[in-house]
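The values are calculated or read from the model by the stated rules, or taken from the named source; none is laboratory data. The structure presented is a predicted model; accordingly, all values stated were derived computationally and were not measured. As a convention, Cβ positions derive from the backbone with ideal geometry for all residues, glycine included, and neighbour counts pool all protein chains shown. Calculation scope for accessible area: heavy atoms of the full protein, side chains included, ligands and nucleic acids excluded. Shrake-Rupley method; radii C 1.70, N 1.55, O 1.52, S 1.80 Å.
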Amino acid sequence: MSEVDKSKRIGRWYFGGIASAMAACCTHPLDLLKVHLQTQQGSNVGLAKMAVKVVKGDGVLGLYNGLSASILRQLTYSMTRFAIYETVKKELTKDGRTMPFYEKVGLAAVAGASGGFVGTPADLVNVRMQNDIKLPKGERRNYKHAIDGMYKVARFEGITTAFNGASMASSRAVLVTVGQLACYDQLKGMLLKSGFFVDNINLHLTSSVLAGMIATCLTQPLDVMKTRMMNAAPGTYKSIMSCALDIGKNGPLGFFKGFVPAFVRLGPHTVLTFVFFEQVRQNFGDDPM
């Protein structure tokens, strides 16, 4: 089949989860270092120094600690949001109808909230497994793999513990999914209509880089407020609104501190996810009716 015919193939509901899991295998060290940086106490080690510290303490494989949980998170969180978005979109456009951008945003928000909730248990285990090597040996949880971790959380701490932080995870997932799926979809369509692109890897790379930047912009204010509240002394902020007002005193740019390292974490995963997704779609997707 020709390249043009391949570009018209339709993805299946689970392709997004598979592509995200493939991307997670490539970007897991960045995610692990992010967790280490966010959970460090009493020091301010940078990304490069933290990477050296992990490698010295646990070898190169230490950068892949908790990989099974990271993959499981993508097979729950990302598979859910991609499945909802792609399935509903396919139904709404099957008669040749074009979805307006606001519909894509609304659909992505619902898909993100659903995926964020479903993926919370795997995310909890993921963070714990990545942070385990920083703890003294007597305090480590020593989960054998992601499934073992979820089983132990459910058995010894209760099902509700597995969903700790679900509201924050879902809120962030809404913003990430709008930035990634809705914006990627819209940008890809706009670039195709411009006449300067065809449906190939150049289009996928351009659209995914831009979508990654938009997703970072959307999530950065929430991440900054979350970090500020986590590091503040007890009683400093009465609510998330008081935190927002405090940050806003320094101007709008205060909400975007650390944009570059944030994009370094989210950008590569966004790009790889969509590049893998498009390749899987074009090579294994369903032919259009």
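Numbers at a glance
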item	result
Residue in segment 30-37 that is assigned to a helix (DSSP H, G or I), of a type in the set (D, E, K, R) and more than 28 Å from MET225 (Cα to Cα) present	no
Residue list for segment 227-251, filter: within 20 Å of ALA262 (Cα to Cα) and at pLDDT below 75	THR227, ARG228, MET229, MET230, ASN231
Qualifying residue in segment 146-159 (condition: among the aromatic types (Phe, Trp, Tyr), assigned to a helix (DSSP H, G or I) and within 22 Å of GLN220 (Cα to Cα))	no
All positions within segment 200-220 that are open to solvent by 30 Å² or more (accessible area, probe 1.4 Å) and in a helix (DSSP H, G or I)	ILE201, ASN202, LEU205, THR206, VAL209, LEU210, MET213, ILE214, CYS217, LEU218
Which numbered condition PHE163 fails, given (1) open to solvent by 70 Å² or more (accessible area, probe 1.4 Å); (2) under 18 Å from SER114 (Cβ atoms)	(1)
Qualifying position, being modelled with pLDDT of 90 or more, in contact with a Leu (Cβ under 9 Å, 6 or more places away or on another chain), charged (D, E, K, R) and surrounded by 15 or more Cβ atoms within 10 Å (Cβ to Cβ), among LYS89, LYS152	LYS89
Unique residue being at pLDDT below 85 and of a type in the set (Ser, Thr, Tyr) when the list is SER68, SER7	SER7
Identity of the residue in segment 234-289, under 29 Å from LEU187 (Cβ atoms) and charged (D, E, K, R), that ends up least open to solvent (accessible area, probe 1.4 Å)	GLU278
Scan of segment 189-223 for residues that are under 16 Å from PRO268 (Cβ atoms) and among the β-branched types (Val, Ile, Thr), ordered by number	ILE201, THR206, VAL209, ILE214, THR216, THR219
Pairs with Cβ under 8 Å, 6+ apart, first in segment 234-262 and without any contact (Cβ under 8 Å) to a residue 60 or more places away in the chain and part of a loop (DSSP other than H, G, I, E, B), second small (Gly, Ala, Ser) and open to solvent by 50 Å² or more (accessible area, probe 1.4 Å)	none
Test: residue in segment 110-117 that is closer than 30 Å to LYS134 by Cα and open to solvent by less than 70 Å² (accessible area, probe 1.4 Å)	yes
Leading residue by the ranking (most open to solvent (accessible area, probe 1.4 Å)) among those in segment 178-199 that are outside any helix (DSSP H, G or I) and in contact (Cβ under 8 Å) with a residue 60 or more places away in the chain	VAL198
Matching residues, segment 166-177, being open to solvent by 40 Å² or more (accessible area, probe 1.4 Å) and under 20 Å from VAL271 (Cβ atoms)	ARG172, LEU175
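Quick grid of which residues meet (1) closer than 30 Å to GLY158 by Cα; (2) open to solvent by less than 40 Å² (accessible area, probe 1.4 Å):
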{"site": "HIS28", "(1), (2)": "yes, yes"}
{"site": "LEU32", "(1), (2)": "yes, yes"}
{"site": "LYS53", "(1), (2)": "no, no"}
{"site": "LEU67", "(1), (2)": "yes, no"}
{"site": "GLN74", "(1), (2)": "yes, yes"}
{"site": "GLY106", "(1), (2)": "no, yes"}
{"site": "VAL125", "(1), (2)": "yes, yes"}
